[in-house]
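Each remark here refers to the structure printed beneath this line.
Derivation of every value follows stated rules applied to the coordinates shown; laboratory data play no part. Note that the coordinates shown come from a computational prediction; the quantities given were computed from them, not determined experimentally. Counting neighbours? That spans all protein chains shown, and the Cβs are built from the backbone with ideal geometry, glycine included.
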Amino acid sequence: MIKGKTYKFNQQDKKIIEVFSDLGMPKNLAKTLMYISQVEECRSAEIERGANLRQPEVSIAMQQLQKKGWIGKRDLKKKGKGRPVHLYKLASPLDNILSNFEKEKTAEIESIKKDLADLKNLVNSI
């Protein structure tokens, strides 16, 4: 990412975020994921500006994305004193992340189907 430049979502990005959200992904997570997928590497402040999110929303999303193994983080040491700057990027291509998300959602659907079948059997046994 070029220093001082912030990526802005295009219509396709916005539609992808909307569909991820419709499928149950929190909107802040979808926006953060899409932002990171469109840049080589970025800081959380760039995500805040580009995705129009507040700092706590980005922090929560980053924790969840790291926990899933979808993004990686590296520290960039500053000259002198102070905390290092964290830089984020995708840990795997977006299509692999989508495949993982699809598997999660398919497992949820199967679990719901099983629960509905169990409920139906219980009601029919009354």
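Reducing the stretch 60-126 and the stretch 1-52 to their Cα centroids gives an inter-centroid distance of 16 Å.
Summarised as an ellipsoid, the stretch 49-126 has semi-axes of 43, 14, 11 Å, derived from the eigenvalues of the Cα gyration tensor scaled by 5 and square-rooted, with the largest first. Between Ile109 and Asn10, the modelled label-to-label distance comes to 2.9 nm, taking each label 7 Å out from Cα in the direction of the beta carbon.
Placing +1 on each Lys and Arg Cβ and -1 on each Asp and Glu Cβ, with no other charges, gives the chain a dipole about its Cα centre of roughly 960 debye. Hey, if you put +1 on the Cβ of every Lys and Arg and -1 on every Asp and Glu Cβ in the chain, which of Gln66, Asn96, Phe20 ends up farthest toward the positive end of that dipole? Of the listed residues, the answer is Gln66. Shown in residue order for the stretch 23-28 are the 3J(HN,Hα) couplings computed by the Karplus curve 6.51 cos²θ - 1.76 cosθ + 1.60 at θ = phi - 60°: 8, x, 7, x, 4, 5 Hz (x for Gly and Pro).
Lys/Arg Cβ at +1, Asp/Glu Cβ at -1, dipole of the chain taken about the Cα centre: which of Ser37, Leu116, Ile47 is farthest positive-ward? Farthest along the dipole direction, towards plus: Ile47. Among 98-110, 53-65, the peptide with the highest mean count of other Cβ atoms within 10 Å heads the list, and the full ranking is 53-65, 98-110. Give me the lysines in straight-line cross-link reach of Lys120: C-alpha distance below 29 Å, same-chain residues under 8 apart excluded. The qualifying lysines are Lys103, Lys105. Sequence gap at least 6, Cα distance under 8 Å: using those rules, report the relative contact order of the chain to the nearest whole percent. In percent, rounded to a whole number, it is 20. Per-residue 3J(HN,Hα) values for the stretch 76-90, derived from phi via the Karplus relation 6.51 cos²θ - 1.76 cosθ + 1.60 with θ = phi - 60°, read 10, 5, 8, 6, x, 8, x, 6, x, 8, 8, 10, 10, 7, 5 Hz in sequence order (x marks Gly and Pro). Packing order of peptides 15-23, 80-88, 114-122, highest average first: 15-23, 80-88, 114-122 (average count of other Cβ atoms within 10 Å over each peptide's residues).
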